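Data block below; observations after.
Values quoted throughout were computed directly from the atomic coordinates according to the rules given, and no laboratory measurement underlies them. Fair warning: this is a prediction, and the values are worked out from it, not measured in the lab. Don't worry about glycine lacking a Cβ; one is built from the backbone with ideal geometry, like all the others, and counts go over all protein chains shown.
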Amino acid sequence: MLNKTLIRNILLAGFFILTILLAACTGQQSGGVPCGADTLQMAANLTPQEVVVDPSKPVTLSWTYSDPNCQPTYYEIMLGTAHDGSAPGTTQTSQTTSVNWPEALQPGNTYFWSVYAVIVSNGQASRGPGQLGTFYTGPTCTAEAILSTPQTITPPNKTPFDPTTGITLRWDDPTACLPEGSYSVQVAKTADFSSVLYASQTGHITELNLLPGWTNDAVQDCTQYYWRVRAETSGETTGPWSGTGSFIVNNVGSACGLLEASPTPIPQPTASATLLPQTPATAPAWAQANVNTNCRRGPSPEYPILDTLYKQWSSRIYGRNEDSTWWYINSPNIAVNYYCWVWGEAVTVTGDTSQVPVVIPPPPPTATDVPPTSTPIQ
């Protein structure tokens, strides 16, 4: 007959095993705290935050997590050029509170990154609330640097704007350095900006959120407003104004004759990618980058780099050169309806390319027009 001590030990061992199994099934940690999307906390102490980093060196993103009783299974990190994720970005995961970012970063740019704690239970992943960080890539423009014309990206012209919510104005600065001062944004009722209703400085950030009540003037329903942006140094040097963008104030449900036509793409400065009218093929083709790939103004390394198609990113193909060695794609980061060229050996093409038209590129620049670069393929 089993003695009492042995029976007690068997019962205790069984209870311990049962406790472990229940914890695994319910997502509990050793501290006994149920872990799920409703209990996961925000990450804190995001680094880098509001600083300028050197894009030629690896960038390490780090953070802290303060709940010792409910440790996440892993963290999800998203990085891109728009705070709300509307611009293309990249996602990485990490089981620690830091990650060495593997993708190349563009110089003179604003980057937004978010961290989410994730817990996996019963094969299901639950994500907690995100924490947003911001940093900028150098170098900082010197006093002698020539500031470029910013390229307005969103909203498309004549986009309706509900005055009770808000609208985000976003632009890209092709200058390969970070303006020393700030970006200056103006909003007016007339396209000549003779009477500016709103003006703001955004620092290094290349977007501005117009919140309800953005102007002290009465906002009139079914009225078109205009906006523009330029870079400024800490001294008296200013860059050129961007092209003029616009949006329409329209109360939800009210008729507005200005909205009869669809929103049109914002005109871009000639320094941006070549414009091509969209004539979709019957079976669209796509280019997916095998490595970080330069997207150029023309089908040759002689042309300047306009953008980067990052590894595993895809973009729709709208054209090709005569021997189909380069593909003309939608610019991954600059704007919808603007285009650049990627080398065919650096991408994987899917879909039907038989109807993709030949696109005649602009003339190649002279050798002095193309600065040396050590950035991605071709």
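In table form, for the structure just shown:
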| quantity | calculated |
| --- | --- |
| Segment Thr190-Leu211, extension gain: residue separation times 0.36 nm, minus the distance between their alpha carbons | 5.5 nm |
| Hydrodynamic radius by Kirkwood, which averages 1/r over all alpha carbon pairs of region 56-199, in angstrom | 18.3 Å |
| Reachable aspartates and glutamates, given that their alpha-carbon falls under 17 Å from the alpha-carbon of Lys311 and they are not under 8 places away in the same chain | Glu103, Glu345 |
| For peptides 294-307, 126-139, sequence by mean Cβ density within 10 Å, most packed first | 294-307, 126-139 |
| Spacing of the two label points (7 Å from each Cα toward its C-beta) at Gln355 and Asn100, in nm | 4.7 nm |
| Mean Cβ neighbour count within 10 Å, used as a protection proxy, ranking 236-243, 323-330 highest first | 323-330, 236-243 |
| Amide proton proximity set for Val347, modelled H, under 5 Å, gap of 5+ | Asn290 |
